[in-house]
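What follows is a short report on a single structure.
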Amino acid sequence: AQSVTQLDSQVPVFEEAPVELRCNYSSSVSVYLFWYVQYPNQGLQLLLKYLSGSTLVKGINGFEAEFNKSQTSFHLRKPSVHISDTAEYFCAVSHYGGATNKLIFGTGTLLAVQP
Amino acid sequence: DVKVTQSSRYLVKRTGEKVFLECVQDMDHENMFWYRQDPGLGLRLIYFSYDVKMKEKGDIPEGYSVSREKKERFSLILESASTNQTSMYLCASSSLLAGTYNEQFFGPGTRLTVL
């Protein structure tokens with residue numbers, strides 16, 4: 001069975017500092033990986049996705065993530081955060097070629113950017 | 001752009017009432033999903049549907065039912081609302097087309113309070 005672990009429930013960081021949000025997954029087969037962002041009182045929107053190919057994926061708003069198959073990780077990074085990046089971030093995994101169409105979500109990480 | 005709309009942003013109901021949450025998507029997606037989101041628990045799948053009149057239970061279906069009479073519309077029904085169903089409810093849709101990789105598109109959410 002697939003699962004996704006986001007170990008950090010909350011990450012406080014100062015404006016213009018770098019940040020990394022951690023995501024680890026478990027799966028016995030190849031996967032697709034996603035990061036979604038949820039701004040306060042809104043739905044989720046896609047930040048970036050890894051499907052295949054280059055392990056470094058660039059997304060919107062200056063975020064990027066690196067797929068590491070040996071460590072089963074897909075950590076999200078941004079070199080310099082802004083106040084407007086304050087939001088909850090969800091990592092999700094989908095089974096490559098599987099019969100199910102579901103995404104498995106982590107429990108989320110709240111990024112709190114302070115001035 | 002894909003648009004997923006939900007009938008209400010905020011809803012207040014009384015214990016025992018029958019509650020309908022409506023979701024409509026405009027991109028002809030085959031799959032539709034209902035999640036509830038609670039602090040610290042992330043997104044939990046209630047039900048999903050992969051075709052008209054087809055439905056499958058998710059991880060927490062107890063106390064809920066769904067209806068999909070038309071491809072674009074997916075309704076979540078709380079037969080007899082209880083206070084422990086106070087939550088944020090998110091609807092999502094995705095395509096079965098090759099190359100979409102199960103990416104889901106989300107509505108803005110309905111924050112339901114049951115008194």
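The values are calculated or read from the model by the stated rules, or taken from the named source; none is laboratory data. The structure displayed is predicted, hence computed values, not measured ones. Every residue, glycine among them, receives a Cβ derived from its backbone with ideal geometry; neighbour counts consider all protein chains shown.
Of all residues in segment A:1-31 being touching a His at 6+ places or on another chain (Cβ under 8 Å), touching a residue at least 60 places away in the same chain (Cβ under 8 Å) and part of a strand (DSSP E or B), which is farthest from B:M88 (Cα to Cα)?
Checking each candidate, the answer is A:V31.
Is there a residue in segment A:44-60 that is among the hydrophobic types (A, V, I, L, M, F, W, C), surrounded by 13 or more Cβ atoms within 10 Å (Cβ to Cβ) and either part of a loop (DSSP other than H, G, I, E, B) or touching an Asp or Glu at 6+ places or on another chain (Cβ under 6 Å) (or both)? Walk me through it before giving the result.
Start the filter on segment A:44-60 by keeping residues that are among the hydrophobic types (A, V, I, L, M, F, W, C), which leaves A:44, A:46-48, A:51, A:56-57, A:60.
Remaining after also requiring surrounded by 13 or more Cβ atoms within 10 Å (Cβ to Cβ): A:44, A:46-48, A:51, A:57.
If we keep only those that are either part of a loop (DSSP other than H, G, I, E, B) or touching an Asp or Glu at 6+ places or on another chain (Cβ under 6 Å) (or both) too, we end up with A:51.
Within segment A:44-60, one or more residues are among the hydrophobic types (A, V, I, L, M, F, W, C), surrounded by 13 or more Cβ atoms within 10 Å (Cβ to Cβ) and either part of a loop (DSSP other than H, G, I, E, B) or touching an Asp or Glu at 6+ places or on another chain (Cβ under 6 Å) (or both).
I need a count of the residues in segment A:6-30 that are at the interface with another protein chain (Cβ under 10 Å from one of its Cβ atoms) and crowded, with 19+ Cβ neighbours inside 10 Å.
Looking only at that region, the number is 1.
Checking the condition farther than 20 Å from B:M88 by Cα and within 10 Å of another protein chain (Cβ to nearest Cβ), which residue from A:K58, A:K49 passes?
Details: A:K58 fails: within 10 Å of another protein chain (Cβ to nearest Cβ).
On inspection, the qualifying residue turns out to be A:K49.
Across segment A:69-85, which residue is surrounded by the most Cβ atoms within 10 Å (Cβ to Cβ) among those that are assigned to a loop (DSSP other than H, G, I, E, B) and of a type in the set (G, A, S)? It would help to see each step written out before you state the result.
So in segment A:69-85, the residues assigned to a loop (DSSP other than H, G, I, E, B) come out as A:69-72, A:79-82.
Imposing the further condition that a residue be of a type in the set (G, A, S) reduces the set to A:70, A:80.
Numbers: A:S70: 5, A:S80: 11.
Filtering segment A:69-85 for residues that are assigned to a loop (DSSP other than H, G, I, E, B) and of a type in the set (G, A, S), the one surrounded by the most Cβ atoms within 10 Å (Cβ to Cβ) comes out as A:S80.
With the condition kept exactly as written, say whether any residue in segment B:73-82 is touching a residue at least 40 places away in the same chain (Cβ under 8 Å), at negative phi and charged (D, E, K, R). Reasoning before the result, please.
Pass one, segment B:73-82, residues touching a residue at least 40 places away in the same chain (Cβ under 8 Å): B:73-82.
Next, only the ones that are at negative phi stay: B:73-82.
In the following step, the residues that additionally are charged (D, E, K, R) were identified as B:73, B:79.
Scanning segment B:73-82, I find at least one residue that is touching a residue at least 40 places away in the same chain (Cβ under 8 Å), at negative phi and charged (D, E, K, R), so the answer is yes.
Just to be sure, is B:M54 modelled with pLDDT under 95 and touching a strand residue (DSSP E or B) at 6+ places or on another chain (Cβ under 9 Å)? Give the derivation first.
Values: modelled with pLDDT under 95: yes; touching a strand residue (DSSP E or B) at 6+ places or on another chain (Cβ under 9 Å): yes.
So B:M54 fits the description; yes.
Which of the residues that make up segment B:1-27 are farther than 26 Å from A:W35 by Cβ, over 14 Å from the mean Cα position of the chain (by Cα) and not basic (K, R)?
B:Y10, B:L11, B:V12, B:T15, B:G16, B:E17
It is to be established whether one or more residues within segment B:28-36 are within 9 Å of chain A (Cβ to nearest Cβ) and more than 26 Å from B:V12 (Cβ to Cβ).
Within segment B:28-36, one or more residues are within 9 Å of chain A (Cβ to nearest Cβ) and more than 26 Å from B:V12 (Cβ to Cβ).
Test B:S93 against the criterion of being more than 14 Å from chain A (Cβ to nearest Cβ), closer than 22 Å to A:K102 by Cβ, within 14 Å of the chain's Cα centre (by Cα) and of a type in the set (S, T, N, Q), and give yes or no. Can you show your working first?
Details: more than 14 Å from chain A (Cβ to nearest Cβ): no; closer than 22 Å to A:K102 by Cβ: yes; within 14 Å of the chain's Cα centre (by Cα): yes; of a type in the set (S, T, N, Q): yes.
Spelling it out, it is not the case that B:S93 is more than 14 Å from chain A (Cβ to nearest Cβ), closer than 22 Å to A:K102 by Cβ, within 14 Å of the chain's Cα centre (by Cα) and of a type in the set (S, T, N, Q).
Name the one entry in A:E66, A:E88 that is in contact with a Ser or Thr (Cβ under 8 Å, 6 or more places away or on another chain), surrounded by fewer than 17 Cβ atoms within 10 Å (Cβ to Cβ) and either within 13 Å of chain B (Cβ to nearest Cβ) or closer than 22 Å to A:S28 by Cα (or both).
A:E66
What number of residues within segment B:20-65 satisfy the criterion of being of a type outside the set (F, W, Y) and closer than 18 Å to B:V114 by Cβ?
Here is the first cut: in segment B:20-65, the ones of a type outside the set (F, W, Y) are B:21-32, B:36-46, B:49, B:51-63, B:65.
With closer than 18 Å to B:V114 by Cβ added as a condition, the list becomes B:21-22, B:36-39, B:41, B:44, B:46, B:60-63, B:65.
Adding up the residues that qualify gives 14.
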